[in-house]
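Novice: Please see the structure below; I have some questions.
The values are calculated or read from the model by the stated rules, or taken from the named source; none is laboratory data. None of these values were measured; they are calculated from a predicted model. Neighbour counts run over all protein chains shown; Cβ positions are idealised from the backbone, glycine included. Surface areas here come from the heavy atoms of the whole protein model, side chains and all, with no ligands, DNA or RNA. Shrake-Rupley method; radii C 1.70, N 1.55, O 1.52, S 1.80 Å.
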Amino acid sequence: MTNIILFGPPGAGKGTQAERIRDNYNFLHISTGDVFRYNIKNETELGQRAKSFIDRGELVPDDVTIKMLAGEIEKADDKNGIIFDGFPRTKAQADALDDLLNEQNEKIDALVSLNVDDEILIGRLKERGKTSGRKDDADENVIKNRIQVYYTETEIVKDHYKQQGKLHQVDGVGSVQDITKRLNNVIDQLI
Ligand code: ADP
């Protein structure tokens, strides 16, 4: 399997591009944000635990997130790999992911970082907020908090994989198709 982390701040386009990668390469797409939203909508115990953090633009605690992720990875059996979208978001999550994959004789092959300036991110998230129905996109303070949390808690995950020689940087500004091409160029070298 080829296992890739699609990385970047909120609004970088991870979700959009991850779906295209999933379809192009027959990968399992794991979006932790989508799994949380599904659980909130269905009022599960996990959803109830996660909701207040998500509404404030904070990270859901690592123990809750890691446990959920472990369950999702098990669905990858008949796939060519996994595309992780929104995970790992902390150093502890990165360590847990490496351990989980290691137990199955698997590993992360690459972290692909989508690079987009903050002003563009804020604009995209506000625009998405008009139609997404996502509470965390509707409030500019929550948007700014999410971007802040990215820099304080999440960005170090890049260094974790850079030290392993697995960091790839991709310009995340341009048309959806152009960015997909840039990502495909990177992924084609990995599979
Ligand atoms: P975005 O990248 O636009 O912020 P996501 O759908 O990836 O959107 O995540 C939405 C929210 O879900 C995050 O702001 C956070 O509260 C929570 N979340 C998602 N993934 C994680 C994670 N790996 N660890 C902790 N919280 C997470």
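Novice: Hand me the GluC sites (Glu not before Pro) from segment 75-156 located in a DSSP loop with no more than 13 other Cβ atoms within 10 Å, in residue order please. Intermediate results must be reported in sequence, preceding the final value.
Specialist: Details: sites: 103, 106, 119, 127, 140, 153, 155; in loops: 106, 155.
The qualifying sites: there are none.
Novice: Can you tell me the dipole magnitude for the chain around its Cα centre, using point charges on the Cβ only (Lys, Arg +1; Asp, Glu -1), in Debye to the nearest 20?
Specialist: On the way: 27 positive and 34 negative charges, 94 e Å.
Dipole about the Cα centre, nearest 20: 460 debye.
Novice: Ordered by residue, what ³J(HN,Hα) values in Hz, to whole numbers, does segment 92-107 give under the Karplus form 6.51 cos²θ - 1.76 cosθ + 1.60, where θ = phi - 60° and Gly and Pro are x?
Specialist: Per residue, the Karplus-derived 3J(HN,Hα) values read 4, 5, 5, 4, 5, 5, 4, 5, 4, 5, 4, 4, 9, 6, 10, 7 Hz.
Novice: What residues have an amide H closer than 5 Å to that of residue 82, excluding those fewer than 5 places away on the same chain, when H is modeled at 1.01 Å from N in the peptide plane?
Specialist: Amide H to amide H, under 5 Å and 5 or more residues apart or across chains, residue 82 pairs with 2, 3, 4, 28.
Novice: Shifting gears a bit: With a 1.4 Å probe and all protein chains left in place, how much of the accessible area of the chain comes from carbon and sulfur atoms, in whole percent? Show your work: numbers first, answer last.
Specialist: Values: 4360 of 9770 Å².
On the chain, the fraction of accessible area on carbon and sulfur atoms equals 45 percent.
Novice: Accessible area per residue, 1.4 Å probe, Å², for segment 131-191: what's the number? Intermediate values should be presented prior to the final figure.
Specialist: Numbers: 3590 Å² over 61 residues.
Here the per-residue accessible area is 59 Å².
Novice: Take the alpha carbon atoms of segment 113-176, find their center, do the same for segment 10-41, and report the distance between the two centers in whole angstrom.
Specialist: First find each Cα centre; the distance between them is then 14 Å.
Novice: With every protein chain present, what is the per residue accessible area of segment 27-128 (1.4 Å probe, Å²)? Before the final figure, lay out the partial values.
Specialist: On the way: 5150 Å² over 102 residues.
With all protein chains present, segment 27-128 gives 50 Å² per residue.
Novice: Residue 67 label point, 7 Å along Cα→Cβ, cut-off 11 Å on backbone N: hits in segment 32-47?
Specialist: 45-47
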